[in-house]
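Coordinate-derived values only; no laboratory data. Please read all numbers here as calculations on a predicted model, not as lab measurements. Cβ: placed from backbone, ideal geometry, glycine included. Neighbour counts: every protein chain shown.
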Amino acid sequence: MTEPAVVNPWYKEPWPWMILGLLSLGIVAGSSIAFIGLTNPPEMVTGEYERLGRGLTDTATRTGQARSLGLFGQVGLEDDRVVLEINAHDLDALPETLLIRFQHPATSDGDSSVVLEREYHGRYAGHLTVPSHDRAQVIVADLAQTWWLSGRRGETDDVIALEPKRL
């Protein structure tokens with residue numbers, strides 16, 4: 001005689017639980033992504049750059065203006081002091097104050113800005129209150145931001161070359 005096959009109830013079989021487990025993983029992963037996305041909204045970009053994104057994007061007008069003025073220079077970092085030496089066709093036409101921005105490569109939380117005051121002909125200085133990142137993008141501009149110079153800081157660079165180039 002053959003014995004009748006024993007039929008277990010569905011909840012005692014492994015296959016339904018494996019399928020339900022995979023579906024539950026999808027629900028947990030989707031909920032986690034939704035939670036992370038809702039608690040970390042993207043940063044608000046304001047001003048002229050709002051339509052272009054978070055970064056300072058040059059539409060070639062600022063670099064063209066810097067080239068027409070013959071601007072180039074270098075930034076030196078001495079502890080918390082920032083020293084800018086700048087050259088131009090007409091150094092007397094440069095403003096008394098300039099803005100330098102150290103833009104963090106990944107997040108705006110690490111960005112820092114310093115207003116530089118003219119010390120003498122072609123030399124500006126200011127104090128950096130927050131240390132800049134070792135790989136920061138350095139942007140120098142007049143306060144009206146009609147022109148700018150840029151360069152990238154290296155890990156060991158204390159002097160950063162600046163030139164008019166698109167960001």
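Averaged over residues, the count of other Cβ atoms within 10 Å places the peptides 12-21, 101-110 in the sequence 101-110, 12-21, highest first.
Given 20 °C and 1.002 mPa s, how large is the Stokes-Einstein diffusion coefficient of the chain in µm²/s, with Rh as the Kirkwood radius over Cα pairs?
Details: Rh = 19.7 Å.
My calculation gives 109 µm²/s for D.
Helix 14-39 sits at what angle to the longest principal axis of the chain, using alpha carbons and giving 0 to 90 degrees rounded to 10? Roughly 20 degrees, rounded to the nearest 10. Put in line by how crowded their Cβ is, counting other Cβ atoms within 10 Å and starting with the fewest, 39, 61 read 39, 61. Rounded to the nearest 20, the Cβ-based charge dipole of the chain about its Cα centre (Lys and Arg +1, Asp and Glu -1) stands at 560 debye.
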